[in-house]
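Reading through the structure tokens given below for one structure.
Taken together, the values in this text are just the output of simple stated rules run on the coordinates, not laboratory data. What you see is a predicted model; the values in this text were computed from it and never measured. In this analysis, Cβ positions are derived from the backbone assuming ideal geometry, glycine residues included, and neighbour counts consider all displayed protein chains.
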Amino acid sequence: MKSMIRTFAALVVAGIAVTALAQPTEEKYPRQPVRLIVTFPPGGSSDAVVRMVVPRLNELLGQPVVVDNRAGAGGNIGTSLVAKAPPDGYTMGVSAAGALAANSSLYPSMPYDVQKDLRPVSMLASIPFVLVGSPALPEKTMKDLIARAKSRPGELSVAHGGNGTAMHLSIALLSMMAGIRFVEVPYKGTGPATVDAMAGQVMLAMADLPSSLQQIKAGKLTAYAVTGSKRLSQLPDVPTMSEVGLVGYDATGWFGIVAPAATPQAVVMRMSAAIKSALEDPAIQTNIRNLGVEPESSSPDEFAAFIKSETVKWSRVIKQSNIKAE
């Protein structure tokens, strides 16, 4: 009988050991470098945010986090690589609103299913937009601009960074909620769109802060309203869309970290906690905000719920506005 008990106890101990090896714990992860697939090209503000956070992640995790830029197809290329990677925590990705919420409604087919193939880890940052216009326009407030658009539909032209981009969708949401119609002019990026608005080649542009803040402060662009739910510290006198009567309007670019769907919970929580700690660093916060970007962390569950809500919102906007990806 004692021999049977000893044998059973040995089997239990062996089973616990095997389970511990099969499922990485917070204490044991990571044991090797982590590949972080970034779905943006090098040099942009989103890529810059990632590279600001990575050195602190290296310290917190005790292993190097290696950035691998894989841009293209609205983020679908890099995000697909993450979805198909081994779910061991050593390949994760940084994806944005397009790849995680809007593209499923923009593209006729997708190489991955966000809900089935990916596991949200944490938000990283949000990118607020601001509707700007040429100083030559007689309308100086958002309410006056909406009034003109209603009285003379299709007269005001507005530029954005390309069909299906977050800026484009922000304009579509504005048109829906305000009951107005613009002449939309797509550009290859926000920078050129903002430059042409400043020169009066187009009347308005939906811009991000990196491409517009200095021109707004210099009086070379009129800022009508910001697209987020609260005013920006960089533009404290510019109202939100909600404040000018479009109650509930909220449209920002955003991006965060995702992992393959079967990545163990302990690994996801370890990475999420490291990101939160990194984004709480005052120096990192200042550097990110200097780019015109807002640092934002979240729990995996919070990020998952946010992705679902954004998917529902943009699906409705895309269908009602008949928007197609370029």
Orientation-averaged projected area, Cα convex hull of region 183-239 (nm²):
4.1
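Please sort by residue number the GluC sites (Glu not before Pro) in region 259-304 whose DSSP state is loop and whose Cβ has at most 14 other Cβ atoms within 10 Å. Mind showing how you got there, number by number?
Working: sites: Glu280, Glu296, Glu302; in loops: Glu280, Glu296.
Answer by residue number: Glu280.
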Check cross-link reach from Lys230 to the lysines: straight Cα distance under 18 Å, and skip same-chain residues fewer than eight apart.
Lys143
Over the Cα atoms of region 129-244, each weighted equally, I'd like the Debye log10 I(q)/I(0) at q = 0.09, 0.20, 0.23 Å⁻¹, rounded to two decimals.
-0.19, -1.06, -1.48
With each pseudo-label sitting 7 Å past Cα toward Cβ, what's the Glu280-Lys313 distance in nm, one decimal?
2.7
Going by C-beta contacts inside 10 Å, put Ser277, Ser299, Ser122, Ser95 in order with the fewest on the left.
Ser277, Ser299, Ser122, Ser95
Given points 7 Å out from each Cα along the Cα-Cβ axis, report the Ser126 to Lys150 separation in nanometres with one decimal.
2.7
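Return the Rg/Rh value of region 65-137, two decimal places, where both radii are evaluated on C-alpha atoms and Rh is the Kirkwood radius.
Numbers: Rg = 15.5 Å, Rh = 14.1 Å.
When Rh is taken as the Kirkwood radius, the ratio is 1.09.
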Contact order relative to length of region 158-200, as percent, for alpha carbon pairs under 8 angstrom and 6 or more apart
52
Give, rounded to the nearest 20 debye, the magnitude of the charge dipole that region 129-244 has about its Cα centre when Lys and Arg contribute +1 at Cβ and Asp and Glu contribute -1 at Cβ.
120
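Which of the residue pairs Lys28/Lys116; Lys84/Lys324; Lys84/Lys308; Lys116/Lys308 have a Cα-Cα distance greater than 19 Å in the structure shown? Mind dumping the intermediate values first?
Numbers: Lys28/Lys116 27 Å; Lys84/Lys324 26 Å; Lys84/Lys308 21 Å; Lys116/Lys308 12 Å.
Result: Lys28/Lys116; Lys84/Lys324; Lys84/Lys308 exceed 19 Å.
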Would you please classify the overall shape of region 103-178 from the alpha carbon gyration tensor, given that a ≥ b ≥ c denote the square roots of the eigenvalues, rounded means a/c under 1.5, and beyond that prolate means a/b larger than b/c while oblate covers the rest?
prolate
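Sorting check: for 125-136, 208-219, which peptide has the highest mean count of neighbouring beta carbons within 10 Å, and how do the rest follow?
125-136, 208-219
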Describe numerically, in nm with one decimal, the distance between label points set 7 Å from Cα along Cα→Cβ at Arg31 and at Val183.
6.4
Contour minus Cα-Cα distance for Gln234 and Thr141 (0.36 nm per residue)
31.6 nm
Taking the Cα atoms of the chain, what is the range of coordinates along each of the three principal axes, in descending order and whole Å?
94, 40, 31
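How fast does region 170-326 diffuse by Stokes-Einstein, in µm²/s, taking the Kirkwood radius from C-alpha pairs at 10 °C and 1.306 mPa s?
Working: Rh = 18.0 Å.
So the translational diffusion coefficient is about 88 µm²/s.
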Report the dimensions of region 80-119 along its three principal axes from the alpha-carbon atoms, largest first, rounded to Å.
30, 17, 14
